[in-house]
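To start, the structure itself, in C-alpha cells.
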Amino acid sequence: MICEEIIMSHKKDASGLRNSVDSGDSKHVQTKIMSDIMRDDVETIKDPVNGYTNSQEFRGSITLFDAIPHQDSLDKLCAAKAIETDGRNVRLDLGKCIMCGRCQQAAPDIFLIGSIFETPVKVRQDLIRLSGKLDSQGQKPYEQMGKELKEKTSKILRRSLAIREVDAGSCNGCEVEITALNNAIYDIERFGVHFVASPRHADVLLVTGPASRNMEIALRRTFEAMPDPRIVVAVGACACSGGIFGDTYATTGGIDKVLPVDIYVPGCPPTPQAILYGLLLAVDRIEASKING
Amino acid sequence: MGRMGEKVKSCLVNSNEVHMLLADKSNIPEACSYLQDELASKLCSLISSDERQTSGAFVLRYVFEVHGKEDVFIAVTARTKESAENQLPSVPSIVKKFPLAVFYEREIRDMFGIIADGNPDARPLVLHEHWSAGVYPLRKDFDIKTKVSRDTGKEYPFIKVEGEGICEIPVGPVHAGIIEPGHFRFSVLGENIINLETRLFYTHKGVEKLAETMKLDQALLLSERISGDESVANSLAYCQALEKIAHTSVPKRALQIRCICAEMERIYNHLGTLAGISTDVGFSYGSARLNILKERMMQLNSVISGSRLLFGVNRIGGVGIDLDAEKLAMIINTTQIVQEDFEKIISMLRTKSSVVDRLRNTGIISKKVAYDLGLVGVVARAAGLDVDTRRDHPYAAYPTVSVDTHHDTPQNLMEYKVNLEKRKGDALGRFELRVEEVIDSIRMIDELISDLYDDNILTTDTLRLEPYGYALGYAESHRGQTIHWVMVGQDCDSLFRYKIRTASFVNWPGIEQAVLSDIVPDFPIVNKSLDLSYSGNDL
Ligand code: SF4
Ligand code: SF4
C-alpha cells in the first residue's frame, strides 16, 4: 500500500520524480512491481494493419495514375530525383523516393501516397513504377508474415535467422526502425529472427545508408567475413539508391554499387513491417541459393 | 567595444546577430579572447565559406553566443586568401584559448584547405586517410560528383599511450549492436581506461555540399535527414534561418505546432535513451517497458505527421501539417497514458540498486570540462551549466510557454542554482534530467494545446530573400543546441552555403573525458547516457 502511495504521490506532483525514491520502502515497491509485471497486458501486436500502426496518413508507398502531366517541372520538384517525365509518361523510382509527399501535392491526379508496406522487392527494376500500370499489392497481416517467415526459416535453415546490421552512412532514421523490430510490440525474435554481434554468425546482412565512402571498406570487410550463403538486404531509400544523398564525392549511391544486393526495401525510413517483409523475401533467396548450390 | 575599436573594420547588426568584420585576420585570437573574457560569451560555431567569386576571399565567421539575459550572437568575421600560387590560405589558430576549436579548425582544413596556424593536430578529420591529398570538397571549384581516388596504405596516427601493462583496444567502426558506425581506440591498464580516442566521420555523406546543389524547399528535406531522430529540431533551425533573412512572420498556430512536434520529438527520443541505458545496465524489463512507450509515441508521430520520425512537419514559413480536434485529443490522451506508465517504470528503476549503482559516479563530466568544451543540452545541464536554447534565445512559440519553471520566482531560481552546483555530471544525473524533461515536455504540450491559436499554418507572404543574405537559425533538440548558418544563393532559391553545427558535434569530445575514471565495460552506458548522433556529427 505504501508503494501505491509513492506512486500516487508521483502522479500528483511530477516534480516529485526529481527526488529519487531510492531509500523508500523498497521491499514493498518490489512486491508492487511484481504484481505490476503480472498485470501487464500483452503489448505485442497481432495485426497492426487494422490498428493504427499504419495510420491512414502514413506515407509508405506511391501509386501512379495514368494521367498526362500538366506541368513539365514535375521531375525538378523531387528532391530525391525519383521522378522522370517525358511529357506523356511518368516514371517513378520507389528506390529513390523519400516519401516527402511533394509530388502528390503538386499533381494529385498522378500520384497517390498510401500506407502500403509490402514494397520490398528482389530485383531493383521492380521498384520502378510506370504510369498506366497499377500495382495491385494487397497487405498481409504482420502476424501472418512473421509466421510464414518462421516456417520458412526453420524449414530451410533448421534454426533461426541471424542478422548482422551495418550502418553504411544512414541518417539513423533507418536504425530507429530496425531497432523498433526488437521492441515488445513487434518482437521479431518470436519469429526466430535475431540480431548477432559478429558477421561470422550471420545469414543476412542488413545494410542502411548510401554506402558512404568512409564506410565502404568496413562494409566490404563485414560482408567478406560472412559465411555462405549470405544475403544482403538494402534497407531504406539511401541503401537502395543513395536516396536523398544521391551519388556524390562522399557516397557511392547505393549499396549495390559495393555489394551484390538481394533484397531492396524502399521507404524513408521503411516501417518495421516493411523490413520484416524484406526479411521474408530474404529467406526465399536463401532457399534458392541452396538449391542452386 | 573598447580596445577592439580600431581593429574592427565594420560592424553590422541583423536582428539578434552582430557581425564584426576585422581589419586583419591576425586579430582573430585577440578578438575571440575579448569576446570570451569581457563579454562572457562562448564560441558556438566556426563557419567558413568560399566567397572567392563574389568578394575575392574565403570568409571565416567565429560565432559567439552571449551568456546571461541577452539574446545576442556575435560573429567575428575575417577574410583570408591564397597568398601565392599553390599555397594554402591560413588564419591564426585560436586553439590555445579555445580547446574546442581544434575540431572546427581541422574540419575547415579538410573541407576548405584553410590552415589554422598553430593548431597542433594536423591529422585529417572528415576525409579519412584514404582520400587523396589536395581535395577540398566545400570549395566552389570542387564538383560534387567528383570521384576521388583512393590512396591505400596510409594509416591514421592514433595517439599512442605507452607504459608497462598498457594495451590498446580498437572497437568499430562496425559495432555489435544496431548503432551507427564510429571507431573507438581505448588505451587500458587492466580494465581501467587510461585514454580514449574517438574517430568519427564514417557516415560523412557530403550534406553541406549537397545542400548547395538544391532548391530551398529540397534542402529542407535534407535538413530533416541530417540526423533522422532529430528531424524537427534541425529542420526548424533551417526554416528559422531563412525566415530571419526574409523577415517573414510565421502564423502563431504554426509556431505552436512546431513546438508541439519539437517536444514530441524530445519525448520519444528521451524514452529511447532511457530504455537504452536500462538495457546497458542489464535490466531488460525496464527497457522493454520504456520501448513500448517509445513505440506508442512513434505511432502517434505517424498519425499526426505521416511519418514515424516526424519528417515533413516543418515548411519554410510555417508547417506542413495541421492538427484537428481529433488529433489534438489523441496527443493529449497518448501523452497522458505514456506519462502514467512512465512514472511507474521510473520509480521502479530507481529502486533497483543494479541500475542506480551502475549509473552513479559513472561517466563523470565536470562543470569545468563541460564549459571548456562548450558542451550543450542535457550533458551540459547535468554538469551544472545553466543552458537551454529554448530559454536563452527564445524561438517559435517558446516565449509563451513556461519552458523553465526553475526561473519563475526568485526562490525557485535560488533553489535551482544550489541544485546546479550539486550536480555531478554523471550518468545518473543525465538519466534523472531526461526523466524530468520528458515530464516537462508533456506539460508544455498540454500548455500549447490548451492555448492553440486558430490561425493559418503557413504564412501567406511570399518569401522575400535577397541574394547572398545570411542568418543563423537555432533550436534545442533533445541532444542540445543545434545551430545552422544559411547563406542564400544569387537566385534566391538556392543555398550558397549551409553550415550545420549539431549538438553532437560539440558533445562528442565530451565522451573522451567522461570515460577517464571508468572501466571498459561501462563504456556503453556512458555512451548511451550522452546520446550522441554520428550522422549529425559526420554530416
Ligand atoms: S514523394 Fe517521393 S517521388 Fe514524390 S516528390 Fe517526394 S521523393 Fe519525389
Ligand atoms: S532512407 Fe531515409 S531514414 Fe533511412 S537512412 Fe536514408 S534518409 Fe535516413
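The values are calculated or read from the model by the stated rules, or taken from the named source; none is laboratory data. What you are looking at is a predicted structure, and each value in this text was computed from that prediction instead of being measured. Backbone-built Cβ (ideal geometry, glycine too); neighbour counts: all protein chains shown. All accessible areas refer to the heavy atoms of the entire protein, side chains included, with ligands and DNA or RNA removed. Shrake-Rupley method; radii C 1.70, N 1.55, O 1.52, S 1.80 Å.
Scanning region B:372-405 for residues that are open to solvent by 30 Å² or more (accessible area, probe 1.4 Å) and within 30 Å of B:V313 (Cα to Cα) gives B:D386, B:R391, B:P394, B:P399, B:T400, B:S402, B:T405.
The combined condition, being more than 16 Å from ligand 2 (Cβ to nearest atom) and in contact with a Phe, Trp or Tyr (Cβ under 9 Å, 6 or more places away or on another chain), is not fulfilled by A:K155. The set of residues from region A:172-189 being open to solvent by 10 Å² or more (accessible area, probe 1.4 Å), more than 7 Å from chain B (Cβ to nearest Cβ) and in contact (Cβ under 8 Å) with a residue 40 or more places away in the chain comprises A:C174, A:D187.
Would you be able to say whether some residue in region B:512-528 is under 26 Å from B:H393 (Cβ atoms) and of a type outside the set (V, I, T)?
Pass one, region B:512-528, residues under 26 Å from B:H393 (Cβ atoms): none.
No, region B:512-528 contains no residue that is under 26 Å from B:H393 (Cβ atoms) and of a type outside the set (V, I, T).
Table: residues versus (1) within 16 Å of ligand 1 (Cβ to nearest atom); (2) within 16 Å of the chain's Cα centre (by Cα); (3) buried (at least 23 other Cβ atoms within 10 Å of the Cβ).
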{"site": "B:E466", "(1), (2), (3)": "no, no, no"}
{"site": "B:G469", "(1), (2), (3)": "no, no, no"}
{"site": "B:G480", "(1), (2), (3)": "no, yes, yes"}
{"site": "B:V488", "(1), (2), (3)": "no, no, yes"}
{"site": "B:D518", "(1), (2), (3)": "no, no, no"}
{"site": "B:Y534", "(1), (2), (3)": "no, yes, yes"}
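Residues considered: B:V355, B:V387. Of these, the only one that is among the hydrophobic types (A, V, I, L, M, F, W, C) and outside any helix (DSSP H, G or I) is B:V387. Being crowded, with 16+ Cβ neighbours inside 10 Å, closer than 30 Å to B:D341 by Cβ and in contact (Cβ under 8 Å) with a residue 40 or more places away in the chain is a property that B:V369 lacks.
Evaluated against (1) surrounded by 24 or more Cβ atoms within 10 Å (Cβ to Cβ); (2) part of a loop (DSSP other than H, G, I, E, B); (3) touching a residue at least 40 places away in the same chain (Cβ under 8 Å); (4) in contact with a Ser or Thr (Cβ under 8 Å, 6 or more places away or on another chain), B:I364 falls short on exactly one condition, (1). The condition (being at positive phi and touching a Cys at 6+ places or on another chain (Cβ under 8 Å)) is satisfied by just one residue among A:G209, A:G267, A:G253: A:G209.
Scanning region A:200-217 for residues that are facing chain B (nearest Cβ under 8 Å) and not hydrophobic (A, V, I, L, M, F, W, C) yields A:G209, A:P210, A:S212, A:R213, A:N214.
Could you check, for region A:231-240, whether at least one of its residues is among the aliphatic types (A, V, I, L, M), touching a His at 6+ places or on another chain (Cβ under 8 Å) and within 13 Å of chain B (Cβ to nearest Cβ)?
no
Annotation note: Cβ proximity below 6 Å between a residue of region B:64-89 that is within 13 Å of B:I115 (Cα to Cα) and a residue that is at pLDDT 90 or above and part of a loop (DSSP other than H, G, I, E, B) (sequence gap 6+ or interchain) occurs for B:T80/B:P89; B:K81/B:P89; B:E82/B:P89; B:L88/B:G113; B:P89/B:I114.
Pairs meeting the criteria (first residue in region A:235-255 and open to solvent by less than 10 Å² (accessible area, probe 1.4 Å), second residue part of a strand (DSSP E or B) and within 7 Å of ligand 2 (Cβ to nearest atom), beta carbons under 8 Å, at least 6 apart or on different chains) are A:V235/A:T208; A:G236/A:T208; A:A239/A:T208.
Count, please, the residues in region B:289-327 that happen to be part of a helix (DSSP H, G or I) and within 19 Å of B:L220 (Cβ to Cβ). If you could, list the steps in order and put the result at the bottom.
Kept after step one, since they are part of a helix (DSSP H, G or I), are these residues of region B:289-327: B:289-305, B:325-327.
The next check asks that each one be within 19 Å of B:L220 (Cβ to Cβ); those that pass are B:301, B:304-305.
So the count comes out to 3.
Which of the residues belonging to region A:143-171 are within 14 Å of chain B (Cβ to nearest Cβ) and among the aliphatic types (A, V, I, L, M)?
A:A162, A:I163, A:V166, A:A168
Listed by first and then second residue, the pairs linking a residue in region B:280-298 that is under 17 Å from B:S529 (Cβ atoms) to a residue that is charged (D, E, K, R) and at pLDDT 90 or above, with Cβ atoms under 8 Å apart and 6 or more places separating them unless they lie on different chains, are B:D280/B:K528; B:V281/B:R358. Scanning region B:91-126 for residues that are outside the structural domain of B:E38 (by TED's automatic domain parsing), within 29 Å of B:M214 (Cβ to Cβ) and without any contact (Cβ under 8 Å) to a residue 60 or more places away in the chain returns a single hit, B:P124.
Quick check: is even one residue across region B:341-352 away from chain A (no Cβ under 13 Å), surrounded by fewer than 23 Cβ atoms within 10 Å (Cβ to Cβ) and of a type outside the set (F, W, Y)?
no
For beta carbons closer than 8 Å, sequence separation of 6+ or different chains, a first residue in region B:330-350 that is in contact (Cβ under 8 Å) with a residue 40 or more places away in the chain and a second that is surrounded by fewer than 20 Cβ atoms within 10 Å (Cβ to Cβ) and of a type in the set (F, W, Y), the qualifying pairs are B:L349/B:F283.
Among the residues of region A:70-102, write down those that are in a helix (DSSP H, G or I) and away from ligand 2 (no atom under 16 Å from the Cβ). Correct list: A:L74, A:D75, A:K76, A:L77. Filter region B:406-425 for residues that are open to solvent by 70 Å² or more (accessible area, probe 1.4 Å) and in contact (Cβ under 8 Å) with a residue 40 or more places away in the chain and give the result. Of everything in region B:406-425, just one residue is open to solvent by 70 Å² or more (accessible area, probe 1.4 Å) and in contact (Cβ under 8 Å) with a residue 40 or more places away in the chain, namely B:K424. For region A:254-266, taking the residues that are assigned to a loop (DSSP other than H, G, I, E, B) and in contact with a Pro (Cβ under 9 Å, 6 or more places away or on another chain), the one that is farthest from A:G209 (Cα to Cα) is identified as A:P266.
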